[in-house]
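Visitor: Handing you this structure, nothing more for now.
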Amino acid sequence: GDPSEHLTEIAELRKKAKIYEANQEPSEATFQAADELTSYCNKFIRNSKIFNKIDSIIAPPSSTPGKKYYLAERIARELAKIFNWENLQCAIISTNRDGLKNLTYAEKLPALIKSIFVTKPNVIQNKSILVLDDLYQSGTTMNYIGKLMLDNHANIVYGLACEKTLTNDD
């Protein structure tokens, strides 16, 4: 949406469902907003042409390992339950790094390459994977995770984000 306008319903939900501090505890309102976002994703996936082609799901790992609550992972975990997909979160890790938000477009990919790693490539092999993220800004994270999945012999990779920012290089 347009930053000068009011937030969309999805943007409002994502804002309520996301926690930025590593040790901050989620509230009941946080969980409720996350559940509503999950419901929107569920409806979208059910109405898509790829629904029957997916057997696994993964979210980009948090830039803060050990974070108590991470929205993208929560939504991916819930969708895995709903669709009976394998949750591949155990196959990828991230080292502690600053978020990408304040990096230039040119700095984002090198930061990801240095911090996100596949730890269990055998779990990824021959899977049809949905990469789920809560926010799509430049596409760097989703594309890099998708490349990691394909490099580790996934059959096919799809991407889905709850919200897209107005520009591609925020």
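The values are calculated or read from the model by the stated rules, or taken from the named source; none is laboratory data. From a predicted model like this one, the values you see are computed outputs, not experimental measurements. Counting neighbours? That spans all protein chains shown, and the Cβs are built from the backbone with ideal geometry, glycine included. Ligands, DNA and RNA are excluded from the accessible area calculation, which covers all protein heavy atoms including side chains. Shrake-Rupley method; radii C 1.70, N 1.55, O 1.52, S 1.80 Å.
Visitor: Can you tell me which of 81, 120, 101 is in contact (Cβ under 8 Å) with a residue 60 or more places away in the chain and closer than 28 Å to residue 42 by Cα?
Guide: Step by step, each of 81, 120, 101 is checked, and only 101 is in contact (Cβ under 8 Å) with a residue 60 or more places away in the chain and closer than 28 Å to residue 42 by Cα.
Visitor: Of everything in region 112-137 that's open to solvent by less than 20 Å² (accessible area, probe 1.4 Å) and outside any strand (DSSP E or B), which residue is modelled with the highest pLDDT?
Guide: 124
Visitor: Please verify whether residue 38 is in contact (Cβ under 8 Å) with a residue 24 or more places away in the chain, open to solvent by less than 60 Å² (accessible area, probe 1.4 Å) and farther than 23 Å from residue 138 by Cβ, treating the condition exactly as stated.
Guide: The answer is yes for residue 38.
Visitor: Looking at region 84-111, which of the residues that are modelled with pLDDT of 85 or more and hydrophobic (A, V, I, L, M, F, W, C) is farthest from residue 13 (Cα to Cα)?
Guide: This residue is 91.
Visitor: May I ask you to say which residue of 54, 58 is surrounded by 10 or more Cβ atoms within 10 Å (Cβ to Cβ), modelled with pLDDT of 95 or more and over 19 Å from residue 163 (Cα atoms)?
Guide: Exactly one residue qualifies, and that residue is 54.
Visitor: Oh, and also: How many residues are out of contact with any Cys (no Cβ under 8 Å at 6 or more places or on another chain) and not in a loop (DSSP other than H, G, I, E, B) when one looks only at region 14-63?
Guide: Just the residues of region 14-63 that are out of contact with any Cys (no Cβ under 8 Å at 6 or more places or on another chain), to begin with: 15-36, 38-39, 42-63.
Subsequent filtering for residues that are not in a loop (DSSP other than H, G, I, E, B) retains 15-17, 28-36, 38-39, 42-46, 51-53, 56-58.
So the answer is 25.
Visitor: Cβ contacts < 8 Å: first residue farther than 16 Å from residue 82 by Cβ, restricted to region 42-68; second residue open to solvent by less than 60 Å² (accessible area, probe 1.4 Å) and basic (Lys, Arg), any location; separation 6+ or different chain. Result?
Guide: From region 42-68, the pairs are 63/97.
Visitor: Of the residues that sit in region 64-98 and are in a loop (DSSP other than H, G, I, E, B) and under 18 Å from residue 26 (Cβ atoms), which one is least open to solvent (accessible area, probe 1.4 Å)?
Guide: Filtering region 64-98 for residues that are in a loop (DSSP other than H, G, I, E, B) and under 18 Å from residue 26 (Cβ atoms), the one least open to solvent (accessible area, probe 1.4 Å) comes out as 69.
Visitor: Consider only pairs whose beta carbons are under 6 Å apart and that are at least six residues apart or on different chains; among these, list those whose first residue lies in region 131-157 and is without any contact (Cβ under 8 Å) to a residue 40 or more places away in the chain and whose second residue is aromatic (Phe, Trp, Tyr) and surrounded by fewer than 21 Cβ atoms within 10 Å (Cβ to Cβ).
Guide: 138/105
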